Ligand code: NAI
């Protein structure tokens, strides 16, 4: 018998075998060559013993149940090597299929994360039990990497839930389920409180269900909701592509389309043929650019950022125990909630205790919804709220080891509240400002310890947005940077690190996108076409709607300040074509954006966005352009202005890494996910950097100097390099 290297065989006296996934060479089990060999050998051994075995438990000795396919391998697949990767996948599926049809009950004992390939192994088992740990997750997140679950995931979930439900629950959103949610949704059959109970429950399934066939292998099994040939499902099917189109807004995501096709087609054939169908659709995705982009951005870059590639080394990790949040408005309230959720004591200070109470009430509201949805308990709610102390008195900030300021965007006021706080908090407390537009170096001038002062730029809504942009001022010390980084990680968010500059990285780059959209209106493009271009490029927000949210007066104020600063420094100042549109909107039509009740859109009760303001067409739109716009070019202009400015940020040292650029653009400012991030977009552009450079020059000739390629881009294109770190 071949001894298996990565799968241990533990057999008890009742002839129940526990297969322990335990790769001796790695910290996690992955779908590598050694595993595939072991799986084959193990299934051979199971087959040889099928008459004497009572049952099989698939368990793991690692923290994660199984980590899935190796994305490094996947990103390297080319059309030439795609055949090998297809064959390796088929080999795994054949082995799991042999285990599934062995005639012996098989139960997955999921002790941690089982996502993608890990959950696909569990799906090949007849029953699934998951350990109730905060970190445990099950699901098929492949779509979020531009892929599809080609390890049997499409074939089996379609048979388990039906085509429409499988698409909704697991395939199209890539949702990762916590144990309780997974049980409620039917992704697992039981939840266990501890490791012993996990194995006991798995064992109980073997005793209770000696029958050992999957429902779909039983005679007369019907896929829930019917096969696509069934009238009921056939009637629903035509709507699915339309639903998908609506969801994607015309953005170029191949994975959802392939998933839809694979689900529908694989439901009409036998399991083995279905495996081939899903594998073909996967191969198509793996060899395309979108999956490579998304894996780079959402996996490798994110991993680099989260793991602290940017954190100064050799400074010990510190945790914050008590934080002062100054200002209990929209941002302060959200920051207080996120800190309290992470177990940090929060003193939430506003001008009065009543104002601070209102900020705390925001947390209560969020928690009410969480309790209603079963995401937390009444006790959890009470404990979190007890950690937030509202106050109007700076003396209550005593003992805080960090300060996060989120008062109005006014440098004088910010200076005043810091001065007040510094008198009360710990002598070495970390001092952070959540300003979105003011230079950190300027604000640092108002505190006693500028080396401990740093920008911590959160995004709204804070409880949902995962990114925090850490901004280093000129005098910020390494110690403060490391502490800020640790604080952001402590509250479970993703920190990018940038150097001080107007708008830092995120606000500066998203500003380019908004200006470009507004400039298009000024050129006479139909505003609806401009919004459509943003949606089709894959932006989650419409560009003119976004401008309204920000208010038109804010960019104008920043523009004026920047212009004055440039003039004082004797630098050249170039107006942007968007400026004239903004000025007319404010001065001629009194439309300042959503908060003013009128902007590019009309607004109803409670600030609800209505239709585009018809006056735009009357005053700005060139009838000759109607229906004549080159949508491709409008889309590219939006993507290019942002990408070119990100390259400039790197050139100027505002950004110090490519990963920060990609992650910041994906998680902070809605740069389209299919690109894998703003610099990965440049890398993945047809023709690579030279192709991108050539197109930038064309756009510059057509639309002006804002499309002029930065030196860094020219140099890298000439040297045949791409934007990568290290
Ligand atoms: P907000 O207007 O909702 O809240 C500001 C709060 O500060 C108010 O509750 C006000 O009573 C309080 N405040 C004023 N003077 C104070 C004092 N002396 N002591 C304590 N509290 C005082 O403003 P928002 O939107 O929360 O913004 C706050 C900061 O966050 C600003 O610097 C803003 O630029 C920044 N920011 C805002 C984002 C957004 O999307 N709104 C995103 C990222 C940063």
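The values are calculated or read from the model by the stated rules, or taken from the named source; none is laboratory data. This structure is a prediction, so every number in the text was calculated from the model and none was measured. Positions of Cβ are backbone-derived with ideal geometry, glycine not excepted, and every protein chain shown enters the neighbour counts.
See the values below:
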item: Helices (runs of 4 or more DSSP H) wholly inside the range 349-429 containing at least 2 residues that are under 35 Å from the mean Cα position of the chain (by Cα) and away from the ligand (no atom under 15 Å from the Cβ); result: 353-372, 378-386
item: Evaluation of residue 591 against (1) surrounded by 12 or more Cβ atoms within 10 Å (Cβ to Cβ); (2) in a helix (DSSP H, G or I); (3) over 31 Å from the mean Cα position of the chain (by Cα) (one fails), failing number; result: (2)
item: Residues of the range 593-619 satisfying the condition of being closer than 27 Å to residue 703 by Cβ and touching a helix residue (DSSP H, G or I) at 6+ places or on another chain (Cβ under 6 Å); result: 593, 599, 600, 601, 612, 616
item: The range 614-623 - residue that is free of Cβ contacts under 8 Å to residues at least 40 places away in the same chain and surrounded by 12 or more Cβ atoms within 10 Å (Cβ to Cβ) and, of those, nearest to residue 548 (Cα to Cα); result: 615
item: Subset tally (residues that are free of Cβ contacts under 8 Å to residues at least 60 places away in the same chain, closer than 25 Å to residue 382 by Cβ and away from the ligand (no atom under 14 Å from the Cβ)) for the range 301-345; result: 3
item: Condition check for residue 455: at positive phi and either part of a loop (DSSP other than H, G, I, E, B) or touching a helix residue (DSSP H, G or I) at 6+ places or on another chain (Cβ under 7 Å) (or both); result: no
item: Residue satisfying condition, being within 33 Å of the chain's Cα centre (by Cα), surrounded by 16 or more Cβ atoms within 10 Å (Cβ to Cβ) and within 24 Å of residue 116 (Cβ to Cβ), within set 174, 186; result: 174
item: Condition met for residue 450 (within 10 Å of the ligand (Cβ to nearest atom) and in contact (Cβ under 8 Å) with a residue 24 or more places away in the chain); result: no
item: Filtered residue count, the range 508-546, keeping only those that are over 21 Å from residue 666 (Cβ atoms) and either under 24 Å from the mean Cα position of the chain (by Cα) or in a loop (DSSP other than H, G, I, E, B) (or both); result: 7
item: Filter result for residue 527 (in contact with a strand residue (DSSP E or B) (Cβ under 6 Å, 6 or more places away or on another chain) and in contact (Cβ under 8 Å) with a residue 40 or more places away in the chain); result: yes
item: Test: residue in the range 432-445 that is surrounded by fewer than 23 Cβ atoms within 10 Å (Cβ to Cβ), touching a residue at least 24 places away in the same chain (Cβ under 8 Å), more than 14 Å from the ligand (Cβ to nearest atom) and in a helix (DSSP H, G or I); result: yes
item: Helices (runs of 4 or more DSSP H) completely within the range 98-197 that count 1 or more residues being at pLDDT 95 or above and closer than 23 Å to residue 55 by Cβ; result: 117-124, 153-161, 179-185
item: Lone qualifier among 118, 152 - being buried (at least 24 other Cβ atoms within 10 Å of the Cβ) and in contact with a strand residue (DSSP E or B) (Cβ under 9 Å, 6 or more places away or on another chain); result: 118
item: Only listed residue being surrounded by fewer than 23 Cβ atoms within 10 Å (Cβ to Cβ), over 24 Å from residue 206 (Cβ atoms) and out of contact with any strand residue (DSSP E or B) (no Cβ under 7 Å at 6 or more places or on another chain), chosen from 163, 158, 143; result: 143
item: Count of the range 115-130 residues which are under 29 Å from the mean Cα position of the chain (by Cα) and within 11 Å of residue 188 (Cα to Cα); result: 6
item: Residue match in the range 461-473 (condition: over 25 Å from the mean Cα position of the chain (by Cα), within 16 Å of the ligand (Cβ to nearest atom) and outside any helix (DSSP H, G or I)); result: yes
item: Test for residue 390: is it surrounded by 15 or more Cβ atoms within 10 Å (Cβ to Cβ) and farther than 24 Å from residue 353 by Cα; result: no
item: The range 284-315, residues that are surrounded by fewer than 19 Cβ atoms within 10 Å (Cβ to Cβ) and assigned to a helix (DSSP H, G or I); result: 284, 289, 299, 303, 306
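Matching residues to (1) farther than 16 Å from residue 59 by Cβ; (2) touching a helix residue (DSSP H, G or I) at 6+ places or on another chain (Cβ under 6 Å):
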position	(1), (2)
138	no, yes
141	yes, no
149	yes, yes
159	yes, yes
163	yes, yes
169	yes, yes
194	no, no
199	no, no
